[in-house]
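All remarks here apply to the structure that follows.
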There are 2 protein chains.
Amino acid sequence: MPEQENNEMRSAEFDREQVLRAAMTAFMEKGYAKTSMQDLKAATGLHPGSIYCAFQNKRGLLLAALEQYNRDRGDELQALFSQFSSARAGLAAYLTHVVDECVSCDPQKLCLTQKALNELAEQDTEAQAILSEQCAMWRNALCAVFERIADQGELTGARTPLDRARSLIVSIYGLRTFAHTHPEPQIMRDLGAQILKDVCQ
Amino acid sequence: MPEQENNEMRSAEFDREQVLRAAMTAFMEKGYAKTSMQDLKAATGLHPGSIYCAFQNKRGLLLAALEQYNRDRGDELQALFSQFSSARAGLAAYLTHVVDECVSCDPQKLCLTQKALNELAEQDTEAQAILSEQCAMWRNALCAVFERIADQGELTGARTPLDRARSLIVSIYGLRTFAHTHPEPQIMRDLGAQILKDVCQ
DNA sequence: TTAGTTTTTGAATGCTTATTCAAGATATGA
DNA sequence: TCATATCTTGAATAAGCATTCAAAAACTAA
């Protein structure tokens with residue numbers, strides 16, 4: 001009888017979150033295709049066998065890392081907005097934060113969701129499903145922000161919060177892509193300020 | 001003496017533009033890293049030796065394809081705008097065209113410049129230089145469009161044409177990224193309309 | 001036609017890759 | 001302390017990759 005039901009099994013020695021965050025940064029720096037198992041071994045400290053045991057394969061590790069990334073970013077977003085009683089001030093701070101990430105040119109500060117979207121949304125339908133849901137979560141979070149801004153009377157025009165959330169997501173995607181060629185701080189800041197204006201109008 | 005100066009040399013049998021367009025679509029569908037030389041052989045009809053003779057290596061073929069893509073897109077843009085006496089109507093048609101490409105979900109209709117920007121701008125500085133210049137050309141073309149719109153008295157606010165051109169590029173990058181998860185025609189059209197409004201305000 | 005030169009061809013090369021697996025190490029429960 | 005089950009290890013595997021090269025084909029010039 002190889003199976004035991006009630007006994008405590010020996011648990012893995014590595015810290016799952018730590019491993020996933022290491023994998024995240026590896027994928028961010030090189031992209032999925034160019035990150036080899038050797039790279040992942042070096043980044044995570046796990047031997048190939050352990051990776052395959054824990055995550056099935058390289059793709060499984062990416063999907064798990066994507067989900068960890070989404071959780072981390074969700075927490076981060078909530079923490080940032082909870083610092084502001086004015087929702088509009090929170091949004092301004094959020095955009096400034098994104099612009100700062102773009103300007104830093106630090107590969108570890110780009111958006112893994114966006115990177116994965118560009119690299120494998122068209123090829124891998126399972127990844128696309130995960131990414132679609134993550135985008136929906138992001139959209140909903142931003143939608144709630146715009147509802148709060150509206151409640152606080154800081155919105156000019158008649159657009160719905162959902163419309164605004166979508167436009168903001170489009171703008172942030174664009175900002176991050178644009179930064180690949182033009183990370184000049186002044187230009188990036190101006191673009192961020194204009195986005196805030198347009199989306200609150 | 002192996003070198004001949006004045007004699008006509010035998011010319012290659014393949015059509016360079018045709019080969020580059022075939023390579024373009026191959027790279028668009030799979031991205032640079034995942035497109036193998038086998039794929040490129042199948043797409044272009046050229047044997048490996050010929051590709052290496054004409055373009056040095058796989059990366060050289062990509063760079064040449066990027067330049068062909070940029071030429072083609074520049075011509076296309078000029079052709080589109082020349083159909084309209086109202087520059088603002090031309091811009092509206094341009095945005096509609098981009099939205100249609102997004103909605104089609106056809107891998108051959110995405111933007112190779114943007115795809116390359118995402119995949120290898122951070123790793124390959126020579127590619128980054130080429131892409132930066134292509135983006136500058138695009139920006140200048142759009143800047144000229146906004147100057148014409150201003151001359152025709154169709155611009156509301158006080159922003160410079162250059163600012164507007166940059167914002168439009170950001171928005172189009174974002175639109176194309178967004179479409180990877182949400183290519184619903186109505187949403188995409190609304191986003192396109194909003195971008196036009198914001199950028200002409 | 002013929003000689004000379006170039007392109008085309010596609011098999012061979014050597015390297016890298018993701019993945020597997022059996023042996024060794026280690027924790028658990030009695 | 002021992003027996004057992006689990007995790008860890010890293011070398012082995014097989015497939016795929018970009019690239020090369022020498023032979024064959026084909027164009028040019030005479």
Scan segment B:29-58 and report the pairs whose first residue is touching a residue at least 60 places away in the same chain (Cβ under 8 Å) and whose second residue is within 8 Å of DNA strand D (Cβ to nearest atom), with Cβ atoms within less than 9 Å and a gap of 6+ or a chain change.
B:29/B:35; B:29/B:39; B:32/B:58; B:32/B:59
Which numbered condition residue B:53 misses (of (1) modelled with pLDDT of 95 or more; (2) over 18 Å from residue B:185 (Cα atoms))
(1)
Screening B:150, B:127 for residues that are open to solvent by 30 Å² or more (accessible area, probe 1.4 Å) and among the small types (Gly, Ala, Ser) leaves only B:150
For residue B:105, all conditions in the list (1) in contact with a His (Cβ under 7 Å, 6 or more places away or on another chain); (2) on the phi > 0 side of the Ramachandran plot hold save one; what is the number of the exception?
(1)
Since residue B:96 meets every condition but one in (1) of a type in the set (Val, Ile, Thr); (2) away from chain A (no Cβ under 14 Å); (3) surrounded by 19 or more Cβ atoms within 10 Å (Cβ to Cβ), which condition does it not meet?
(3)
Unmet criterion (only one of (1) over 17 Å from residue B:122 (Cα atoms); (2) surrounded by fewer than 20 Cβ atoms within 10 Å (Cβ to Cβ)) for residue A:34:
(1)
Of the residues in segment B:115-124 that are under 14 Å from the mean Cα position of the chain (by Cα) and open to solvent by less than 10 Å² (accessible area, probe 1.4 Å), the one that is nearest to the other protein chains (Cβ to nearest Cβ) is B:117
Limited to segment A:133-171, what total is found for residues that are assigned to a helix (DSSP H, G or I) and away from chain B (no Cβ under 12 Å)?
13
Inside segment A:23-54, can you point out the residues that are of a type outside the set (D, E, K, R) and in a loop (DSSP other than H, G, I, E, B)?
A:31, A:32, A:33, A:35, A:36, A:45, A:46, A:47
Check on residue A:34, away from DNA strand D (no atom under 14 Å from the Cβ), of a type in the set (D, E, K, R) and within 14 Å of chain B (Cβ to nearest Cβ)
no
Could you tell me whether residue B:49 is more than 16 Å from residue B:116 (Cβ to Cβ), more than 10 Å from DNA strand D (Cβ to nearest atom), more than 14 Å from every other protein chain (Cβ to nearest Cβ) and open to solvent by 20 Å² or more (accessible area, probe 1.4 Å)?
no
Consider residue A:166 carefully, then state whether it is of a type outside the set (Asp, Glu) and under 20 Å from the mean Cα position of the chain (by Cα).
yes
Which numbered condition in (1) under 30 Å from residue B:187 (Cβ atoms); (2) within 16 Å of DNA strand D (Cβ to nearest atom); (3) not acidic (Asp, Glu) is the only one that residue B:41 fails?
(1)
Please work out which one of (1) within 16 Å of DNA strand D (Cβ to nearest atom); (2) farther than 30 Å from residue A:107 by Cβ is the condition residue B:57 fails and give its number.
(2)
Among residues of segment A:172-200 being at the interface with chain B (Cβ under 8 Å from one of its Cβ atoms) and polar (S, T, N, Q), the residue least open to solvent (accessible area, probe 1.4 Å) is A:177
Just one of A:73, A:59, A:88 is part of a helix (DSSP H, G or I), open to solvent by 50 Å² or more (accessible area, probe 1.4 Å) and under 18 Å from residue B:34 (Cβ atoms); which is it?
A:59
Taking the criterion of being more than 30 Å from residue B:195 (Cβ to Cβ) and either within 14 Å of DNA strand D (Cβ to nearest atom) or out of contact with any Cys (no Cβ under 8 Å at 6 or more places or on another chain) (or both), would at least one residue in segment B:64-84 satisfy it?
yes
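The values are calculated or read from the model by the stated rules, or taken from the named source; none is laboratory data. Since the model is a prediction, treat every value here as computed from it, not as a measurement. Because the Cβ atoms are built from the backbone with ideal geometry, glycine has one as well, and the counts that use them run over all protein chains shown. Only protein heavy atoms, including side chains, enter the accessible area calculation; ligands, DNA and RNA are left aside. Shrake-Rupley method; radii C 1.70, N 1.55, O 1.52, S 1.80 Å.
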